[in-house]
Amino acid sequence: MPLVTTTEMFKKAYDGGYAIGAFNVNNMEIVQGITEACREEKAPVILQVSKGARAYANHTYLVKLVEAAVIECPEIPIALHLDHGPDFETCKSCIDGGFTSVMIDASSKPFAENIEITRKVVEYAHDHGVVVEAELGTLAGVEDEVKVSAEDSSYTHPEEVEEFVTKTGCDSLAIAIGTSHGAYKFTPAQCTRNEKGILVPPPLRFDVLEEVSKRLPGFPIVLHGSSSVPQEYVAMINANGGKMPDAIGIPEEQLRQAARLSVCKINIDSDLRLAMTGTIRAYFNEHPDHFDPRQYLKPARANIKELVRHKLIDVLGCAGKA
Ligand code: G3H
Ligand code: 13P
Ligand code: ZN
């Protein structure tokens with residue numbers, strides 16, 4: 001089937017109590033690892049491209065890689081989404097250039113300005129059969145080299161969501177309930193220790209999510225910054241010359257719980273990066289004389305595939321839903 005929008009995916013996910021995985025893609029091995037897992041597990045998927053990915057790999061290369069995945073995986077629905085579109089022009093370029101979904105992220109702007117920019121993108125996108133994700137609230141963390149400190153982040157205000165969605169016409173809404181971008185989502189000082197001495201982050205604000213859902217019945221909610229930062233890959237990186245102390249993510253049970261509620265799209269990028277980097281570091285430690293990229297990218301791609309398979313089955317609940 002050709003590239004799809006997220007409309008049908010989200011409706012089924014909302015009704016079925018699961019979420020669609022939105023995985024960031026930057027190169028061929030990442031596209032292959034994700035989509036091979038989705039094809040084998042019969043899961044719909046969103047492949048998303050950031051401004052940084054477009055700058056790194058080039059718009060056309062990324063679109064063609066995703067089109068190749070569509071040909072290789074004809075049985076599963078695949079959407080191509082712009083992640084954190086910074087302005088109208090970037091969104092327009094992706095809408096004109098083959099994407100089926102765009103995010104306009106004007107969440108750092110005042111409320112009225114966020115509405116105005118988002119509405120302009122929605123008008124253009126809908127005229128071209130493309131759907132739009134918007135954002136209210138500010139996540140902490142790093143994205144596209146913009147760093148938002150924990151103090152400058154803010155949870156979404158549920159009392160703003162109806163006006164925002166009605167005035168913009170957006171198709172899905174990203175909200176801030178305590179997730180954050182990157183591999184360092186919480187400082188150890190923000191966490192408590194469990195009986196095994198493992199750091200436990202503060203729980204997500206399910207009260208905010210529930211209040212938003214009550215005000216927007218049936219409307220798909222999006223969670224950014226939802227990597228769980230698998231400790232086995234952090235350990236693999238640190239055991240093989242890396243230095244990533246105190247990398248902490250979102251506990252997977254909480255993401256599973258969010259997926260059972262109104263969250264229909266869960267964004268995962270950092271976990272893929274950790275799997276790829278950990279695998280390549282370990283490979284070179286074992287094979288210091290190797291220099292063929294196919295040798296070290298092969299296990300990296302395989303581990304991305306197994307990580308995505310685990311997310312589809314155990315976290316998102318979307319395996320078998322294609
Ligand atoms: O939220 C940001 C995504 O992880 C993309 O990261 O801007 O470094 O490509 P990036
Ligand atoms: P992570 O950094 O938690 O993987 O979040 C990715 C994301 O939200 C992309 O938009
Ligand atoms: Zn994000």
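No lab work stands behind these numbers, since they all come straight from the coordinates. Computed from a predicted model, the values in this text were never measured in an experiment. Reconstructed Cβ throughout: ideal geometry from the backbone, glycine too, with neighbour counts over all protein chains shown.
Report, in debye and to the nearest 20, how large the dipole of the chain comes out about its Cα centre when Lys and Arg carry +1 and Asp and Glu carry -1 on their Cβ.
For the chain, the charge dipole is close to 600 debye.
So what is Rg over Rh here for the stretch 29-69, counting just Cα atoms and using Kirkwood for Rh?
On the way: Rg = 10.8 Å, Rh = 10.8 Å.
On the Cα set of the stretch 29-69, Rg over Rh gives 1.00.
Rg to Rh ratio, the stretch 169-249, alpha-carbon atoms and Kirkwood radius?
Reported Rg/Rh, Kirkwood definition of Rh: 1.09.
Calculate the translational D of the chain in whole µm² s⁻¹ from Stokes-Einstein, where the hydrodynamic radius comes from the Kirkwood formula applied to all Cα pairs, the temperature is 4 °C and the viscosity 1.567 mPa s.
For these conditions, the coefficient is 65 µm²/s.
If you project the alpha carbons of the stretch 1-145 onto the principal axes, what extent comes out on each, in Å, largest first?
Projected onto its principal axes, the Cα set of the stretch 1-145 covers 44, 37, 32 Å.
Farthest toward the dipole's positive end in the chain, which of GLN190, SER153, VAL212, given Cβ charges of +1 (Lys, Arg) and -1 (Asp, Glu) about the Cα centre?
Toward the positive end, the furthest listed residue is GLN190.
What pairs from LYS42/LYS243; LYS109/LYS243; LYS167/LYS265; LYS214/LYS321; LYS196/LYS298; LYS185/LYS298 go past 32 Å between their alpha carbons? Let's see the in-between values first.
Details: LYS42/LYS243 37 Å; LYS109/LYS243 35 Å; LYS167/LYS265 22 Å; LYS214/LYS321 26 Å; LYS196/LYS298 35 Å; LYS185/LYS298 29 Å.
Long pairs (Cα-Cα over 32 Å): LYS42/LYS243; LYS109/LYS243; LYS196/LYS298.
Tell me the Kirkwood hydrodynamic radius of the stretch 80-232 in angstroms, computed as one over the mean inverse distance between distinct C-alpha pairs.
Working: mean 1/r = 0.0611 Å⁻¹.
Taking every pair of different Cα atoms in the stretch 80-232, averaging 1/r and inverting gives 16.4 Å.
Name the trypsin sites (Lys or Arg not before Pro) in the stretch 239-302 that are in a loop by DSSP and that have at most 15 other C-beta atoms within 10 Å, would you?
Within the stretch 239-302, the qualifying trypsin sites (Lys or Arg not before Pro) (loop, at most 15 other Cβ atoms within 10 Å) are LYS243.
For the stretch 260-322 and the stretch 181-254, compute the distance between their C-alpha centroids and round to whole Å.
Value for the Cα centre distance between the two parts: 17 Å.
Using a Förster distance of 22 Å, how high is the FRET efficiency between LYS214 and ILE313, based on the Cβ-Cβ distance and rounded to 0.05?
0.15
Find how much the distance from GLU40 to THR187 grows on full extension, using 0.36 nm per residue of separation minus their present alpha carbon separation; answer in nm with one decimal. Walk me through the intermediate numbers first.
Numbers: separation 147, 0.36 × 147 = 52.92 nm, distance 3.70 nm.
Difference between extended and current length: 49.2 nm.
Just want the answer: with Cβ charges of +1 for Lys and Arg and -1 for Asp and Glu, which residue in SER228, ILE266, VAL308 is farthest toward the dipole's positive end in the chain?
VAL308
Kirkwood Rh, the stretch 257-322, all Cα pairs: how many Å?
About 13.5 Å for the stretch 257-322.
Counting C-alpha atoms alone, how compact is the stretch 197-322: give Rg to one decimal and Dmax as a whole number, in angstrom.
Spelled out, the Cα radius of gyration and Dmax of the stretch 197-322 are 17.3, 59 Å.
What is the order of TYR61, TYR124, TYR14, fewest Cβ neighbours within 10 Å to most?
Exposure proxy ranking, most exposed first: TYR61, TYR124, TYR14.
Restricting to DSSP H runs of at least four residues, report the calculated mean residue ellipticity at 222 nm for the chain, -39500 (n - 2.57) per run over all residues, nearest 500 deg cm²/dmol.
For the chain, the value works out to -13500 deg cm²/dmol.
Within the P(r) computed for the stretch 1-64, what percentage of the Cα pairs occupies the region above 15 Å?
57 percent
For each of SER101, SER153, count neighbouring Cβ atoms within 10 Å of the residue's Cβ, then give the residues from fewest to most.
Fewest to most other Cβ atoms nearby, the residues stand as SER153, SER101.
Relative to the Cα centre, what is the charge dipole magnitude of the stretch 46-111, using +1 at the beta carbon of each Lys and Arg, -1 at the beta carbon of each Asp and Glu, and rounding to the nearest 20 debye?
Working: 5 positive and 8 negative charges, 41 e Å.
Once rounded to the nearest 20, the dipole reads 200 debye.
Ranked by Cβ crowding within 10 angstrom, fewest neighbours first, how are HIS290, HIS157 ordered?
HIS290, HIS157
Taking every alpha carbon pair in the stretch 53-94, what does the distance histogram look like in 5 angstrom bins from 0, in percent?
For the stretch 53-94, the binned pair fractions read 5, 20, 27, 23, 15, 8, 3 percent.
Just in the stretch 39-84: which GluC sites (Glu not before Pro) are loop by DSSP and have at most 10 other Cβ atoms within 10 Å?
Here the sparse-neighbourhood loop sites are GLU75.
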